[in-house]
1. Would you confirm whether any residue within segment 147-170 is under 19 Å from Ala26 (Cα atoms) and touching a Gly at 6+ places or on another chain (Cβ under 7 Å)?
2. Just the residues that are crowded, with 18+ Cβ neighbours inside 10 Å and more than 25 Å from Ala123 (Cα to Cα), please, taken from segment 37-46.
3. Please state which of the following conditions Tyr59 fails to meet, knowing it meets all the rest: (1) in a helix (DSSP H, G or I); (2) closer than 27 Å to Arg8 by Cβ; (3) touching a residue at least 40 places away in the same chain (Cβ under 8 Å).
4. Which numbered condition trips up Ala254, out of (1) farther than 22 Å from Gly56 by Cβ; (2) assigned to a helix (DSSP H, G or I); (3) in contact with an Asp or Glu (Cβ under 9 Å, 6 or more places away or on another chain)?
5. Quick check: anything in segment 227-244 under 21 Å from Pro279 (Cβ atoms), touching a residue at least 40 places away in the same chain (Cβ under 8 Å) and of a type in the set (D, E, K, R)?
6. Could you list, in sequence order, all residues of segment 136-175 that are in contact with an Asp or Glu (Cβ under 8 Å, 6 or more places away or on another chain), part of a helix (DSSP H, G or I) and surrounded by fewer than 19 Cβ atoms within 10 Å (Cβ to Cβ)?
7. Conditions first: (1) among the charged types (D, E, K, R); (2) assigned to a helix (DSSP H, G or I); (3) over 23 Å from Leu202 (Cα atoms). Glu372 passes all but one, so which condition is the exception?
Amino acid sequence: MSSADAIRHIRLSSITLPLSTAISDAKVFTGRQKPMTEVVFLVAEITTEQGLEGLGFSYSKRAGGPAQYAHAAEVAEAALGADPNDIGRIRETLLWAGASVGRSGAASQALAAIDVALWDLKAKRAGLPLAKLLGAHRDAVRTYDTSGGFLHASIEEITARADESLAAGIGGIKIKVGLPDAREDMRRVAAVREHLGPDVDLMVDANQQWDRATALRMGRRLEEFDLTWIEEPVDAHDAEGHARLTTALDTPIATGEMLASVGEHRRLIETRACDIIQPDAPRVGGITEFLRLATLADDAGLALAPHFAMEIHLHLAAAYPTETWVEHFDWLDPLFEERLEIAEGRMLVPDRPGLGITLSEQARDWTTASTEFGRR
């Protein structure tokens with residue numbers, strides 16, 4: 001097949017995924033947010049003159065989904081006719097098409113779905129899983145479960161779900177902390193650690209709940225549980241506060257999921273504000289931006305544990321030079337026909353070309369809006 005090709009059709013869809021249980025973390029228990037009942041996805045499907053197809057997505061929790069969709073629908077047409085191999089050039093074209101709204105947040109997240117679809121397409125053209133196209137360092141990535149550890153769940157529910165996860169081959173368990181009563185946080189962590197035993201990786205996530213003094217006190221109290229990391233102990237944009245904790249505590253500090261650009265992550269890296277960086281490709285603008293960020297993080301000697309969207313991040317984590325983690329969520333299972341395999345604490349890179357996923361009929365049924373450009 002000749003390498004010369006052009007984008008002939010783009011379909012954008014807004015898909016609302018309902019959650020079976022309303023989800024609560026520390027921000028809910030302190031009144032900052034309401035329980036989460038759905039996740040809104042922006043899906044991009046790109047077809048070329050040669051008949052190749054790419055699938056990508058970004059997402060929003062609680063708010064922002066309509067904004068992402070609206071912005072993508074305004075600028076996507078500018079990519080028609082472009083060579084899909086020229087991902088960087090296409091990104092620049094779309095950025096300038098919507099330059100007045102900036103290069104972070106909903107604007108870049110709107111472009112992320114298109115960027116991911118182009119990388120999916122490029123790997124399919126090569127007949128390779130995306131991880132192999134990027135240059136994989138491993139064929140399986142350590143994985144931990146988050147979806148069973150939220151604060152709305154009782155200790156008994158969390159430990160039962162942890163047992164299911166470990167039996168399914170997942171290697172680590174993350175639970176939420178940050179309740180108004182710190183003693184209850186400690187009771188829950190102690191109970192889960194006792195249930196899991198000393199050999200299972202256990203992480204906690206405060207979801208930005210603590211101020212600096214509280215985070216330091218809690219971090220010192222949590223040292224006894226030999227945690228793999230403490231996640232987002234203070235405000236996500238407080239690089240200095242995270243840096244102080246990284247210096248003061250033996251337990252590694254992880255953060256980054258809420259940041260919406262490479263520039264914001266660069267500040268974390270330059271101030272040594274974490275031991276483990278947790279970028280989210282859809283949130284920072286797609287795979288192109290994630291790869292820029294990963295180069296900076298690797299140069300600084302940081303560990304990597306991408307946030308959410310395991311269908312994308314498995315491939316990116318597999319291509320990171322040092323050992324990584326990928327976050328397991330079963331929430332997105334209804335959206336795709338395929339399932340990722342897990343064994344012996346690791347998620348396996350699929351051998352299917354590209355991301356290795358296709359939209360399900362259920363995803364089509366949950367579509368609330370769609371628009372098309374070009375010709376089928």
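1. Yes; the residues of segment 147-170 include at least one that is under 19 Å from Ala26 (Cα atoms) and touching a Gly at 6+ places or on another chain (Cβ under 7 Å).
2. Across segment 37-46, the qualifying residues are Val39, Val40.
3. Tyr59 satisfies all of (1) in a helix (DSSP H, G or I); (2) closer than 27 Å to Arg8 by Cβ; (3) touching a residue at least 40 places away in the same chain (Cβ under 8 Å) except (1).
4. Only one criterion is unmet by Ala254, namely (2).
5. Looking for residues that are under 21 Å from Pro279 (Cβ atoms), touching a residue at least 40 places away in the same chain (Cβ under 8 Å) and of a type in the set (D, E, K, R), one finds at least one in segment 227-244, hence yes.
6. Listed by number, the list holds a single entry, Arg161.
7. (2)
Yes/no per residue for (1) out of contact with any helix residue (DSSP H, G or I) (no Cβ under 6 Å at 6 or more places or on another chain); (2) at positive phi; (3) surrounded by fewer than 22 Cβ atoms within 10 Å (Cβ to Cβ):
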| position | (1), (2), (3) |
| --- | --- |
| Gln50 | yes, no, yes |
| Pro66 | yes, no, yes |
| Ala70 | yes, no, yes |
| Glu74 | yes, no, yes |
| Thr93 | no, no, yes |
| Ala99 | yes, no, yes |
| Ala106 | no, no, no |
| Ala126 | no, no, yes |
| Leu133 | no, no, yes |
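The values are calculated or read from the model by the stated rules, or taken from the named source; none is laboratory data. Since this is a predicted model, take the numbers as computed values, not measurements. A quick note on method: Cβ atoms are made from the backbone with ideal geometry, for glycine too, and the neighbour counts reach across all protein chains shown.
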